[in-house]
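Below is one structure, written out as C-alpha cells; comments come after it.
We did not get these values from a lab; they are worked out from the coordinates using the rules stated. In this text the structure is predicted, and so the values were computed from the model without any measurement. Quick reminder, even Gly has a Cβ in these numbers, built from the backbone with ideal geometry, and neighbours come from all protein chains shown.
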Amino acid sequence: MKNVIALDYNSAKDLLTRDNYKIQIRHTRPPRKLVGLGELRVIGQRLIDEEVVELIISNEDYYFGVDDR
C-alpha cells in the first residue's frame with residue numbers, strides 16, 4: 001500500500017484505486033465554532049483488510065465562525 005498521508009484527497013483516492021483498493025473515509029470535524037476551509041487532506045491511513053484502505057481526512061485550515069451545514 002502506498003503512503004498517501006499529506007496528499008490532497010482526490011490524488012490519494014486516485015493512487016489507491018489505481019492499485020485496486022477500495023476506499024473508506026473518516027472525516028475529522030473541526031472543534032466547535034470553527035468552520036473548515038481549503039482542500040481536504042489525508043492526515044492518516046490504515047489498511048482494514050487486503051482490499052480496503054481507510055483514509056482519515058481533514059480540511060487544510062479553519063476559521064472562527066458558525067457552520068451553517
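Observations on the model:
- Among the criteria (1) of a type outside the set (A, V, I, L, M); (2) in contact (Cβ under 8 Å) with a residue 24 or more places away in the chain; (3) out of contact with any Pro (no Cβ under 8 Å at 6 or more places or on another chain), the one ARG46 does not fulfil is (2).
- Considered as a group, the residues in the stretch 1-60 that are part of a loop (DSSP other than H, G, I, E, B) and aliphatic (A, V, I, L, M) include one that is surrounded by the fewest Cβ atoms within 10 Å (Cβ to Cβ), and that residue is ALA6.
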